[in-house]
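The block underneath contains the structure these notes are about, expressed in C-alpha cells.
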Amino acid sequence: MNGTTTTVENLTQALTLYLRTDEGKQSETLNDGPLRRSESVSEAHWHWLQGWTAKDGSAQGPSEEWAEVAATVVESWPTKDDSSTHRQVDRSLLHTLACEVTPSTQGFRENEDGVTSLQKLWIATNAWGAGTSDTRRPAATAKSLTTGTLNTLKHAARLILEGPDAFARAHKLHTQIRGFNEAYWTKFLWTLSLADNYTPQVQPLILDARLASTTWMIRGDGDWRDDRRRGDRYRSFCSTLTETANRLAKRGFDHIDSEKVEYLLFERHDDKSDFYHWLQRHLMHSLHTSEQGQR
C-alpha cells in the first residue's frame with residue numbers, strides 16, 4: 001500500500017468521524033453549492049500597480065504589456081458594501097475571469113482579449129489571496145508584472161488544461177517569478193480551473209504551509225515535506241483530496257468536493273472547533289490510548 005493510498009484512507013476516515021460530530025455538522029462545508037471565498041481589498045494597498053520611483057530615482061512598475069491593465073484593474077472590481085475605499089474580490093469574479101482566459105475546449109486563447117483576462121486573473125488572484133492582511137503582496141505583485149511573468153502565466157494555463165499529469169510541471173513554474181512561493185502560485189492554478197470548460201476529474205487546489213502541515217500529520221511520515229519533489233507532492237496532494245471527496249460521497253457526503261476537503265484542512269476557528277484542532281485532539285487521544293495499552 002503506497003503513501004497516497006494510506007493518506008486517502010486516513011483522511012477519509014478522519015473526516016467521516018469529524019463531520020458526524022457537532023463541530024463538523026456546523027461547518028460551512030456542509031452547505032450545498034460552492035464555497036464563497038470572498039475577500040475585502042483595500043484600494044490604497046494596491047497603489048503599487050500604478051508604478052513608483054526607486055531610491056535611485058528610476059521609474060519602476062509594470063512593463064508595457066501590463067501597464068494599461070494594471071492601471072485600471074482594481075477600479076473594475078465591485079465595491080465592498082458601498083465602501084469608497086474597499087473592493088470585493090470573490091469566487092464569482094475569479095470564475096468570470098477564468099472563463100475569459102479559457103473560453104473553449106480548444107485551449108488557451110492567445111488573442112489580445114485572452115491575454116488581458118489572464119493578466120486580470122493574476123492580479124485578482126493575488127488580491128484575493130492577500131485580503132487586507134498581507135500588505136506586502138501588492139508590491140510583490142507589481143514587481144511581477146513583466147513580460148517574463150506573462151509568458152509563465154500562459155505556460156501554466158496551457159498545462160492546467162492538460163489535466164493532473166501536467167500539475168507537477170505547472171507547479172514548478174512559480175520558481176520563474178521572483179517573490180512568489182507555493183501558496184500564492186497554487187492559488188493561481190486553482191483559479192484557472194474555475195473556468196466552465198475545465199473538465200479533468202482532478203482539480204488543481206491551493207497548497208500552503210498550513211495545508212501541508214495538516215496533510216503531513218495525517219500521512220504520518222516525513223516524505224510529504226521533502227522540498228526536493230514539491231511538484232510531485234502538489235500533484236499527489238490534489239489527487240489525494242479528490243479521491244477523498246469521492247470516498248466521502250459514497251458515505252453520504254456527496255456535496256463535499258475536493259475544494260471543500262481542502263477548506264476543511266485549512267480553516268482555523270478561534271474556539272478550536274475546526275477539523276485541524278479536532279484532529280490534533282483525536283490523534284493525541286489515540287496515542288495516549290495506545291501507550292496505556294502497551295503498559
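Bear in mind these aren't lab numbers, they're just calculated from the coordinates by the rules spelled out. Here the structure is a predicted model, which is why all the values come from computation and not from measurement. Neighbour counts are summed over all protein chains in view; Cβ atoms, including those assigned to glycine, are modelled from backbone coordinates with ideal geometry.
List of remarks:
- Rg/Rh, computed from the Cα trace of the chain with Rh as the Kirkwood radius, has the value 1.00.
- Signed unit charges on C-beta, dipole axis of the range 127-279, positive-most listed residue 198, 161, 256: 161
- In the chain, a dipole from Cβ-located charges (positive for Lys and Arg, negative for Asp and Glu) runs towards its positive end, and of 49, 101, 277 it is 277 whose Cα lies farthest in that direction.
- Here the range 36-199 is described by how far its Cα atoms reach on the three principal axes: 44, 39, 28 Å, from widest to narrowest.
- Charge dipole (Cα centre; +1 on Lys/Arg Cβ, -1 on Asp/Glu Cβ; no other charges) of the range 36-199 amounts to roughly 560 debye.
- Within the listed set 71, 59, 168, the residue fluctuating most in the Gaussian network model of the chain (springs between alpha-carbon atoms under 10 angstrom) is 59.
- Cross-link table 80/154; 80/260; 172/260; 25/172; 25/250; 120/172, entries beyond 28 Å C-alpha to C-alpha: 80/154; 25/172
- Mean residue ellipticity, 222 nm, helices only, the chain: the sum of -39500 (n - 2.57) across DSSP H runs of n ≥ 4, divided by residue count and rounded to 500, is -17000 deg cm²/dmol.
- Principal-axis tilt of helix 182-192 within the chain, Cα atoms, nearest 10 degrees: 80 degrees
- The trypsin sites (Lys or Arg not before Pro) of the range 148-197 meeting both criteria, a DSSP state outside H, G, I, E and B (loop) and at most 15 other C-beta atoms within 10 angstrom of the site's C-beta, are 178.
- Put a plus charge on the Cβ of each Lys and Arg, a minus charge on the Cβ of each Asp and Glu, and nothing anywhere else: the dipole of the chain about its Cα centre is then about 820 debye.
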